[in-house]
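Have a look at the structure below before the remarks.
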Amino acid sequence: MADEVAHSGFAALVGRPNAGKSTLVNALVGSKVAIVSDKPQTTRHRLRAVLDRDDAQIVFVDTPGLHKPIDALGEELNRSALLALEDVDVVCMLVDASQPVGRGDQWVAAHVERSPAAKVLALTKVDLVDELEMERQLEEAMNLTAFNAVVNVSAVDAFNLDGFADAVAELLPPGPRYFPRDMPTDQPVEVMIAEFVREKVLLHTFEEIPHAVGVAVEDLSFNRKTDTTAIYAVVYVERDSQKGIVVGKGGSMIKRVGEEARVDLERLLGSKVWLDLNVKVKKDWRRDAAQIRRFGYGEGL
Ligand SMILES: Nc1nc2c(ncn2[C@@H]2O[C@H](COP(=O)(O)OP(=O)(O)OP(=O)(O)O)[C@@H](O)[C@H]2O)c(=O)[nH]1
Ligand SMILES: [Mg+2]
């Protein structure tokens, strides 16, 4: 084949919520394809991100954090992450260097162990710990299951990103490039827009609200004359009280979310953006499988 590379295939990133999966994916592919926040369960569907090198093409699969589900959404997120373990060449288990290795990691490891894929342990956020702590964490994490390779990495400091990619590439056979060389992700643009908006809501809300928010793009159109993309999106919450908080005093919160999202969206779309955000209540949507599907959460690939 014309475009055969020495290492080609799919690598899933799995781990507890907040382990740093999406941040690492963005750092690896060099552009923002996945949203990130300090709230657990930020990622709600599997997404593919492509690292293209002269010698390798690695398709990373970012997944929702594996956790103990408390509602239908949580179950769907876990199901989605576990599905990723089944059809990839490499599974990368991410363990946060700054958090004690615990039962959550053991539970993730038990699933990783069952995957037929090659296994890489990545100790993430090593910028947050000293050498001694890092060694101790590494030792504990290495006991979780048998790994083909072990790597320390920091997405924030861009430390050892190449080392991580090399370790994954080593485990991939020669093969074709599955994606065009300049395509960092295959996510539909509507999904990315909705997620970029949701990220800004996560940034400014706390406790239950980040989990209760779902975003849907209702309409999208591009005006060539003015070089402007018009976007109509709805931010859904589960209760009137949550709506009050997301709208903010005199609309201040939703205005702020819109302004911040617009900056990211203009970069993503390469045009000016006109963004209309409405906040609506959809009672208990996280328990409603049909609504979860309508948002597209859990699905992907
Ligand atoms: N200091 C430091 N912080 C990091 C690093 N990587 C991620 N973080 C932070 O950790 C938090 C979680 O990062 P995410 O990338 O959203 O984690 P995730 O594993 O994708 O989380 P879920 O999608 O919820 O499962 C964010 O606040 C990040 O800024 C790192 O290398 N160093
Ligand atoms: Mg994530």
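Consider ALA216 against the criteria (1) among the aliphatic types (A, V, I, L, M); (2) closer than 30 Å to ASP52 by Cα; (3) in contact with a strand residue (DSSP E or B) (Cβ under 7 Å, 6 or more places away or on another chain): it satisfies all of them except one. Which criterion is unmet?
Every listed condition holds for ALA216 apart from (2).
Looking only at segment 17-28, filter to residues that are more than 7 Å from ligand 1 (Cβ to nearest atom) and crowded, with 23+ Cβ neighbours inside 10 Å; which one of those is farthest from the chain's Cα centre (by Cα)?
The qualifying residue farthest from the chain's Cα centre (by Cα) is LEU28.
Take the residues in segment 213-234 that are assigned to a strand (DSSP E or B) and without any contact (Cβ under 8 Å) to a residue 24 or more places away in the chain, then tell me which one is farthest from GLY296 (Cα to Cα).
Going through the qualifying residues, I end up with ASN223.
Yes or no, residue by residue, for (1) assigned to a helix (DSSP H, G or I); (2) in contact (Cβ under 8 Å) with a residue 60 or more places away in the chain; (3) among the hydroxyl-bearing types (Ser, Thr, Tyr):
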{"position": "VAL151", "(1), (2), (3)": "no, no, no"}
{"position": "PRO173", "(1), (2), (3)": "no, yes, no"}
{"position": "GLN187", "(1), (2), (3)": "no, yes, no"}
{"position": "MET192", "(1), (2), (3)": "yes, yes, no"}
{"position": "VAL197", "(1), (2), (3)": "yes, yes, no"}
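Any residue at all in segment 29-39 that is among the polar types (S, T, N, Q), near ligand 2 (Cβ under 9 Å from one of its atoms) and under 21 Å from GLN187 (Cα atoms)?
Checked against the condition, which is being among the polar types (S, T, N, Q), near ligand 2 (Cβ under 9 Å from one of its atoms) and under 21 Å from GLN187 (Cα atoms), segment 29-39 yields at least one hit.
Among the residues of segment 8-43, which ones are under 20 Å from GLU170 (Cβ atoms) and hydrophobic (A, V, I, L, M, F, W, C)?
Matches in segment 8-43: PHE10, ALA11, ALA12, LEU13, VAL14, LEU24, VAL25, ALA27, LEU28, VAL29.
Since every read-out is calculated from the coordinates, none of them should be taken as a lab result. These numbers were taken from a predicted model, which means no experiment stands behind them. Every residue, glycine as well, gets a Cβ built from its backbone with ideal geometry; the counts of neighbours run over all protein chains shown.
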